[in-house]
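Working notes for the structure below.
Rule-based calculations on the coordinates, nothing more; no lab input. What you see is a predicted model, and the numbers here were worked out from it, not measured in a lab. Cβ atoms come from the backbone with ideal geometry, glycine included; neighbour counts cover every protein chain shown.
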Amino acid sequence: MNVAFYEKIWMWAAGVLIFAFLATIAVGVTGSALQPPSHVETIDPTKIWNDPRFAHLGATPDARGATVVVVGMMFAFMPAEIRVPAGRPVTFRLTSADVTHGFQIVGTNGNTMVVPGYISQFTTVFRDPGEYLIVCNEYCGLGHHLMSAKLIVEPEAMRP
Ligand code: CUA
């Protein structure tokens, strides 16, 4: 079969692009530890404050690391300051009391949508102690730009 030179170039270019797209997925999964969207766990957004899953907001340390429970609402995160240990798995569980918000821990791979009616969950490890900014990255109304919180990653030695 005789394939024209230019057609060969385009076929190879298309092949390289497909490989590159697949490689970005592989790098995201292995290198950056990005996870697919959360499990489907639902919640009645009008009854969050009576729901036992959101009765204790903030970080709860456990043998493994910690679990952090957060509610997003216009235009704040509750709680506004979160303390977690460095170098240990931290599981975040979030929901929204009103509209869709974002929850991005700047400079880390912690990033999820916070959707009313659902509980978003992800687990990550913070290697570097320090202060991290948490921002809402989904436009949620006039105060969107004010919606932020602080994550403090504490060195292992500071834990009791
Ligand atoms: Cu919440 Cu933007």
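Using the Cα centre of the range 50-107 as the reference point, and only Cβ charges (+1 on K/R, -1 on D/E), how large is the resulting charge dipole? Debye, rounded to the nearest 20.
Values: 5 positive and 4 negative charges, 48 e Å.
Around 220 debye, computed over the range 50-107.
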Check: Given the C-alpha centroids of the range 104-133 and the range 37-63, what is the distance between them in whole angstrom?
Finding: 15 Å
Notebook entry, point to check: Where nothing but the Cβ of Lys and Arg (+1) and of Asp and Glu (-1) is charged, how large is the charge dipole of the range 55-154 around its Cα centre, in debye to the nearest 20?
Noted result: 200 debye
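Taking 2.2 N^0.38 Å as the expected size of a compact globular protein, what ratio does the Cα radius of gyration of the chain give against it, to two decimals? Provide the component values of the computation, followed by the final result.
Numbers: Rg = 20.3 Å, N = 160, 2.2 N^0.38 = 15.1 Å.
Cα-based Rg divided by the globular estimate yields 1.34.
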Next item on the list: List the residues whose amide H sits under 5 Å from the amide H of GLY87, counting only those 5 or more places along or on another chain, with H placed 1.01 Å from N in the peptide plane.
Entry: PHE126, ARG127
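For the peptides 141-147, 62-68, what is the packing order when you average, over each peptide's residues, the other Cβ atoms within 10 Å and list the highest mean first?
Working: 141-147: 13.3, 62-68: 15.0.
Listed from highest to lowest mean packing, they are 62-68, 141-147.
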Item checked: Shape metrics for the range 53-109, restricted to C-alpha atoms - Rg then Dmax, Å -> 11.6, 34
Check: In degrees, nearest 10, range 0 to 90: what is the angle between the Cα axis of helix 5-30 and the longest Cα principal axis of the chain?
Finding: 20 degrees
Note to self: Could you tell me which residue out of ALA97, VAL29, CYS136 lies farthest along the dipole of the chain toward its positive end? Charges go on the beta carbon: Lys and Arg +1, Asp and Glu -1, centred on the Cα centre.
What the structure shows: VAL29
Note to self: Please list, ordered by chain and number, the residues whose modelled amide H lies under 5 Å from the amide H of LEU34; skip anything fewer than 5 residues away on the same chain.
What the structure shows: VAL29
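Quick one: which of 105-118, 122-135, 46-59, 8-21 comes out on top by average Cβ neighbours within 10 Å, and what's the full order, highest first?
On the way: 105-118: 17.6, 122-135: 16.1, 46-59: 13.0, 8-21: 9.9.
Peptide ranking by packing, descending: 105-118, 122-135, 46-59, 8-21.
Would you please classify the overall shape of the range 83-151 from the alpha carbon gyration tensor, given that a ≥ b ≥ c denote the square roots of the eigenvalues, rounded means a/c under 1.5, and beyond that prolate means a/b larger than b/c while oblate covers the rest? Could the numbers behind the result be given before it?
Working: a/c = 2.75, a/b = 1.54, b/c = 1.79.
The shape class here is oblate.
Compute the FRET efficiency between ALA23 and LEU133 as 1/(1 + (r/R0)^6), taking r as their Cβ-Cβ distance and R0 = 35 Å, and round to the nearest 0.05. It would help to have the intermediate numbers written out before the result.
On the way: r = 30 Å, r/R0 = 0.87.
After rounding, the FRET efficiency stands at 0.70.
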Next item on the list: Would you mind putting 80-88, 25-33 in packing order, based on average other-beta-carbon counts within 10 Å, highest first?
Entry: 80-88, 25-33
Notebook entry, point to check: Expressed in nm to one decimal, what extension gain is obtained for the pair GLU156 and THR46 from 0.36 nm per residue of sequence separation less their Cα-Cα distance?
Noted result: 35.8 nm
Next item on the list: Set the Förster distance to 25 Å, then compute FRET efficiency between ASN109 and ALA14 from the Cβ-Cβ distance, nearest 0.05.
Entry: 0.25
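In the chain, what % of DSSP beta bridges are antiparallel (nearest 5)?
On the way: 27 of 39 bridges.
So the antiparallel bridges in the chain amount to around 70 percent.
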Note to self: Below 8 Å, C-alpha to C-alpha, sequence gap of six or more: please give me the relative contact order for the chain in percent.
What the structure shows: 21 percent
Check: In sequence order, what are the phi-derived ³J(HN,Hα) couplings for the range 139-150 according to the Karplus relation 6.51 cos²θ - 1.76 cosθ + 1.60 with θ = phi - 60°, rounded to whole Hz, with x for glycine and proline?
Finding: 4, 10, x, 5, x, 3, 5, 8, 7, 8, 8, 10
